[in-house]
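Worksheet: one structure, shown below.
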Amino acid sequence: MSEVRIPYEAKEKDLKVMHVGAVPAEERPKAALELLGEMLKYKRSLKLYLDVCTHCGACAEQCHSYLGTKDPYNMPVARVELVRRVYKKFFAPGRSFLRAWEGAKDIDQETIDLWYKYFYQCNQCRRCAIFCPKGIDTAEVTIAMRELLAHLGLVTKFHAGIVKNMKTTGNNMGTPLPAILDGIEFLEEELKEETGLDIKIPVDMEGAEVLFNPSSSDLFTNTDGFMSVAKIFHKAGVSWTLSSRIAETANFGLFFHEPTMREHNMKLMNAGKDLGVKRIVAGECGHGWRTWRMFTDTINGPLPFPVVHLFEEVLDYMRDGRIQFDKTRNPELITYHDPCNYGRGGDLMDQPREILRACVQNFVETTPTKEYSYCCGGGSGILMDEAMEIRMALGQPKAESVRATGAEILCAPCAICKAQLPVVMNHHKVDVKVKGLSDLMGRALIL
């Protein structure tokens, strides 16, 4: 067994923003058992997935975490077994002496250390669920166990920092509003210089048709994509606005802390209601989109407006003839990366491909593709510099699938993927540029 260690752990002061505290190490086993018991009462999927696994191993060779690391505990079945053996001991039906024969185990500090180590090596990509004959979704187990760990005070410094930034500034980067407004002014000047047109980026405009909610990174590090969105709204003649209260479609709460996910979600819904918009349009972020599409109406509904993805919005403009693309402006050989929470969790696979084929000349699919596609290796927020070695290992299967296409550009329409994949491709020596779909739309848009 590889050495057990607790990596890049947040300090107790960093946890206060989530209203959790650090449980002393000697008290963690008892507290963890109580938390697991409570979770089993209301997380029906967790109990189901712990009950029905037959240990067939169909998930093992389909998991990029295992393929990249060759660590047996990164097989989905083995990772979940770290919880299942405790479940068998204390909660599963049947006589206790029979459970012991099936690998039941008491909970101790080593078990908790293993949970923390390996559930933060799962990208929650859900590829295992595609191949599991029982449909077991390991991501749901990972989310539950990370939440349990959070209540013990075991959270990565990176995740805790993102939550703090979101609560204090309304975006993951922790950028204060004056800096955002300065950046927007600069981008308006760039748009004027590029196009010769006065393309505005409104903020807090009441009564706008659309509240656009980008990933905050698009305002500073992926600005070509964000400016492309401004050009598209301008060309389509749509009134739109940003909110000064929230400029972040990514929602890290989904990964490890449900109360944070709910609070982030509510902040955007309230912003839309207060501005009186007709709909909210989410920007390029895989897990953010899954949160808005799958959870919003349940946890913070009913809503007075729909929440749609940028690609759905653009397709409507394109099909109505309100915008046109010149695909000769994107002549390179381009392949497409399916963000996990688009392809396996958000019903967004064919829409981006329809747009892509309209605005690029040469498109090639990766193998595997769509719902079978490999994760970028940074999903579930594993973007810490301290985790660089494991990130590169987790991204290796994706790198090889991209290498095989010979593509010059890898289209990755997700903020986390755009942060992870350039580093992965460079590490594995795959000669490809990574761009968002918004970037390519902007290059091809006929103004």
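The values are calculated or read from the model by the stated rules, or taken from the named source; none is laboratory data. The structure displayed is predicted, hence computed values, not measured ones. Counting neighbours? That spans all protein chains shown, and the Cβs are built from the backbone with ideal geometry, glycine included.
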Can residue 153 be described as surrounded by fewer than 24 Cβ atoms within 10 Å (Cβ to Cβ), part of a helix (DSSP H, G or I) and either at pLDDT below 95 or of a type outside the set (Asp, Glu) (or both)?
-> no
Is at least one residue of region 229-237 buried (at least 24 other Cβ atoms within 10 Å of the Cβ), free of Cβ contacts under 8 Å to residues at least 24 places away in the same chain and assigned by TED's automatic domain parsing to the domain that holds residue 279?
-> yes
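Residues 423, 432: which one is modelled with pLDDT of 95 or more, in contact with a helix residue (DSSP H, G or I) (Cβ under 9 Å, 6 or more places away or on another chain) and either buried (at least 22 other Cβ atoms within 10 Å of the Cβ) or among the hydroxyl-bearing types (Ser, Thr, Tyr) (or both)?
432 is the lone residue from the list that is modelled with pLDDT of 95 or more, in contact with a helix residue (DSSP H, G or I) (Cβ under 9 Å, 6 or more places away or on another chain) and either buried (at least 22 other Cβ atoms within 10 Å of the Cβ) or among the hydroxyl-bearing types (Ser, Thr, Tyr) (or both).
Please determine whether any residue of region 355-372 is among the hydrophobic types (A, V, I, L, M, F, W, C) and closer than 26 Å to residue 137 by Cβ. First the steps, then the outcome.
Taking region 355-372 and keeping what is among the hydrophobic types (A, V, I, L, M, F, W, C), we get 355-356, 358-360, 363-364.
Now narrow it down to the ones that are closer than 26 Å to residue 137 by Cβ: none.
No; the residues of region 355-372 include none that is among the hydrophobic types (A, V, I, L, M, F, W, C) and closer than 26 Å to residue 137 by Cβ.
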When you look at residue 279, is it of a type in the set (D, E, K, R) and either within 18 Å of residue 228 (Cα to Cα) or under 17 Å from the mean Cα position of the chain (by Cα) (or both), yes or no?
-> no
Is there a residue in region 169-186 that is free of Cβ contacts under 8 Å to residues at least 40 places away in the same chain and either of a type in the set (Ser, Thr, Tyr) or assigned by TED's automatic domain parsing to the domain that holds residue 383 (or both)?
-> yes
How about region 234-250: which of its residues are farther than 19 Å from residue 442 by Cα and hydroxyl-bearing (Ser, Thr, Tyr)?
-> 243, 244, 249
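Take the residues in region 132-161 that are of a type in the set (Lys, Arg) and within 18 Å of the chain's Cα centre (by Cα), then tell me which one is farthest from residue 340 (Cα to Cα). Walk me through it before giving the result.
To start, the set of residues in region 132-161 that are of a type in the set (Lys, Arg) comprises 134, 146, 157.
Next, only the ones that are within 18 Å of the chain's Cα centre (by Cα) stay: 146, 157.
Working: 146: 19, 157: 24 Å.
Within region 132-161, the match that is farthest from residue 340 (Cα to Cα) is 157.
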Collect the residues in region 162-210 that are more than 21 Å from the chain's Cα centre (by Cα), in a loop (DSSP other than H, G, I, E, B) and closer than 20 Å to residue 248 by Cβ, keeping them in residue-number order.
-> 176, 201, 202, 204, 205, 208
Kindly indicate whether any position in region 207-230 is modelled with pLDDT of 95 or more and over 25 Å from residue 444 (Cα atoms).
-> yes
Return only the number of the condition from (1) crowded, with 24+ Cβ neighbours inside 10 Å; (2) assigned to a loop (DSSP other than H, G, I, E, B) that residue 221 does not satisfy.
-> (1)
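May I ask you to verify whether residue 263 is charged (D, E, K, R), surrounded by 21 or more Cβ atoms within 10 Å (Cβ to Cβ), modelled with pLDDT of 95 or more and within 21 Å of residue 346 (Cα to Cα)?
Details: charged (D, E, K, R): yes; surrounded by 21 or more Cβ atoms within 10 Å (Cβ to Cβ): no; modelled with pLDDT of 95 or more: yes; within 21 Å of residue 346 (Cα to Cα): yes.
No.
Could you tell me whether residue 233 is among the aromatic types (Phe, Trp, Tyr) and either farther than 22 Å from residue 434 by Cβ or more than 21 Å from the chain's Cα centre (by Cα) (or both)?
Values: among the aromatic types (Phe, Trp, Tyr): yes; either farther than 22 Å from residue 434 by Cβ or more than 21 Å from the chain's Cα centre (by Cα) (or both): yes.
Yes: the conditions hold for residue 233.
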